[in-house]
1. Among the listed residues T194, T262, identify the single one that is without any contact (Cβ under 8 Å) to a residue 24 or more places away in the chain and among the β-branched types (V, I, T).
2. Do we find a residue being part of a strand (DSSP E or B), surrounded by 22 or more Cβ atoms within 10 Å (Cβ to Cβ) and modelled with pLDDT of 85 or more anywhere in region 50-69?
3. Please verify whether L286 is within 15 Å of the ligand (Cβ to nearest atom) and surrounded by 24 or more Cβ atoms within 10 Å (Cβ to Cβ), treating the condition exactly as stated.
4. State which residue pairs qualify: first residue more than 6 Å from the ligand (Cβ to nearest atom) and inside region 7-24, second residue at pLDDT below 95 in any location, beta carbons under 6 Å apart, and separation of 6 or more residues or different chains.
5. Within region 289-325, restricting attention to residues that are away from the ligand (no atom under 13 Å from the Cβ) and small (G, A, S), which residue is nearest to the chain's Cα centre (by Cα)?
6. Is it true that R160 is within 16 Å of the ligand (Cβ to nearest atom), modelled with pLDDT under 95, in a loop (DSSP other than H, G, I, E, B) and among the basic types (K, R)?
7. Before we move on, is P277 more than 15 Å from the ligand (Cβ to nearest atom), surrounded by fewer than 21 Cβ atoms within 10 Å (Cβ to Cβ) and assigned to a helix (DSSP H, G or I)?
8. What number of residues within region 30-46 are out of contact with any Phe, Trp or Tyr (no Cβ under 9 Å at 6 or more places or on another chain) and either away from the ligand (no atom under 12 Å from the Cβ) or within 30 Å of R318 (Cβ to Cβ) (or both)?
Amino acid sequence: MTHASILITGAGIAGPALAYWLNRYGMKTTLVERAEELRTGGQNVDLRGGGREVARLMGLEDEVRARNTTEEGIHFVDEAGRTRASLPATAFGGEGLVAELEILRGELAKLLYERTRDDTEYLFGDRVAGLVERGDKVHVQFLKGPERAFDLVIAADGIRSKTRELVFADEAEIKSFGAYVAYFTIPRLGSDGTWSRMLNAPGSRSVILRPDNQGTTRAFLGFFSRERGLDRLEPAEQKARLRRVFADVGWEAPRVLSEMETAPDFYFDTVAQVKMPRWSRGRVALVGDAGYCPSGFTGMGTSLAMVGAYVLAGELARHADHRAAFESYEALLRPYVTRAQSLPPGLPRLANPKTRAGIAIEHALLRVATRPVISRLLGHLLSTSDKSITLPDYSHVGHATSA
Ligand SMILES: Cc1cc2nc3c(=O)[nH]c(=O)nc-3n(C[C@H](O)[C@H](O)[C@H](O)COP(=O)(O)OP(=O)(O)OC[C@H]3O[C@@H](n4cnc5c(N)ncnc54)[C@H](O)[C@@H]3O)c2cc1C
């Protein structure tokens with residue numbers, strides 16, 4: 001086996017998915033995760049198009065389906081809680097705002113971890129502090145563990161990848177949309193039901209309540225701001241900011257703000273895309289958000305991570321030369337990533353209207369959204385270009401073993 005030992009950084013979605021495929025092709029994988037244990041936080045993530053197909057090839061589709069978030073669709077409500085428009089999960093062929101195949105991010109992370117932990121060496125609570133390529137090895141210094149050498153290093157450590165910074169310096173363009181999101185889990189009330197409910201409030205602010213399959217409710221707060229760097233504030237300051245931004249919003253906003261104070265999993269981030277001129281340098285390559293985060297606005301992050309892992313592993317199994325493998329990986333995947341990252345013009349703002357009139361127009365459009373002609377038009381828009389990719393067939397390469 002040419003690529004005998006591969007270090008992967010980051011045990012999110014892309015990292016363990018990559019380890020799964022590399023293990024199947026007989027390669028030896030080590031996965032270093034900064035957190036002390038698997039991070040199972042996060043809310044609903046969608047598996048669409050190619051992502052769904054990779055889950056099927058991994059034999060995971062039924063398990064994902066069994067862990068479906070049970071969300072039946074989304075009601076768009078006004079500040080009095082009245083439903084103004086509704087979209088069932090089956091609208092747009094199950095690939096619309098609510099995807100038919102949705103799972104809590106933490107549940108998917110656990111499934112992938114369980115599928116790899118016997119064959120992959122997991123190093124929790126550590127990270128790469130430095131790396132240098134010498135001859136046909138990458139010599140890696142860890143923050144805590146001893147220095148080791150690997151044939152290849154793959155960075156799967158997310159949107160703010162430190163491994164990417166170490167290797168590609170400032171080559172990454174982080175395109176911010178000027179929007180911030182907060183996610184957290186709150187106690188379920190009987191009135192929360194089985195549909196998501198979303199309020200658009202003037203000033204491009206949104207509140208979403210989503211049912212999950214754990215007996216709790218997932219809360220979301222989103223807003224736009226000219227201020228940069230709110231994601232780097234301490235959680236207490238971020239919460240104070242959210243209390244101010246949503247102070248005059250009605251419906252369930254007061255309940256959400258109050259529950260936010262004691263939520264066990266408060267998560268706050270900026271909405272951004274990662275654009276890299278290249279995805280590999282020497283013996284190091286990028287996969288998932290680290291290389292091409294499409295942002296939460298696209299609903300494509302998890303699918304890109306799954307497909308990216310599948311193609312990168314397949315190309316490494318197909319080519320003895322890592323340069324040829326990385327080149328082919330990029331050639332096959334870049335058009336798909338470019339489509340996934342290209343949002344219809346003005347979409348983040350259009351989906352988050354500033355004024356009451358804009359919100360009324362949005363609701364009127366959504367009310368007719370499932371009518372055939374409009375559905376085709378909206379389906380095309382919401383599909384954020386094309387979510388599909390013809391996956392290469394790697395069933396006969398490497399040392400593939402059955403799942
Ligand atoms: C805790 C959490 C919650 C999330 N919640 C949502 C959500 O609700 N909705 C949504 O759409 N997306 C969410 N995401 C992002 C989503 O998982 C990704 O956009 C997508 O699935 C692609 O996955 P990824 O593996 O590339 O990145 P991620 O899932 O972000 O995984 C990256 C992993 O790398 C680890 N890491 C970071 N730095 C280092 C380092 N220097 N060394 C080693 N490991 C490192 C992180 O701890 C993490 O486990 C969340 C991510 C995380 C980490």
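The values are calculated or read from the model by the stated rules, or taken from the named source; none is laboratory data. In this text the structure is predicted, and so the values were computed from the model without any measurement. Here the Cβ is made from the backbone with ideal geometry for all residues, glycine too, and neighbour counts use every protein chain on show. Ligands, DNA and RNA are excluded from the accessible area calculation, which covers all protein heavy atoms including side chains. Shrake-Rupley method; radii C 1.70, N 1.55, O 1.52, S 1.80 Å.
1. T262
2. Checking region 50-69: not a single residue is part of a strand (DSSP E or B), surrounded by 22 or more Cβ atoms within 10 Å (Cβ to Cβ) and modelled with pLDDT of 85 or more.
3. Against the criterion (within 15 Å of the ligand (Cβ to nearest atom) and surrounded by 24 or more Cβ atoms within 10 Å (Cβ to Cβ)), L286 qualifies.
4. R24/A400; R24/T401
5. A313
6. Yes, satisfied.
7. So P277 does not fit the description; no.
8. Number satisfying all stated conditions: 2.
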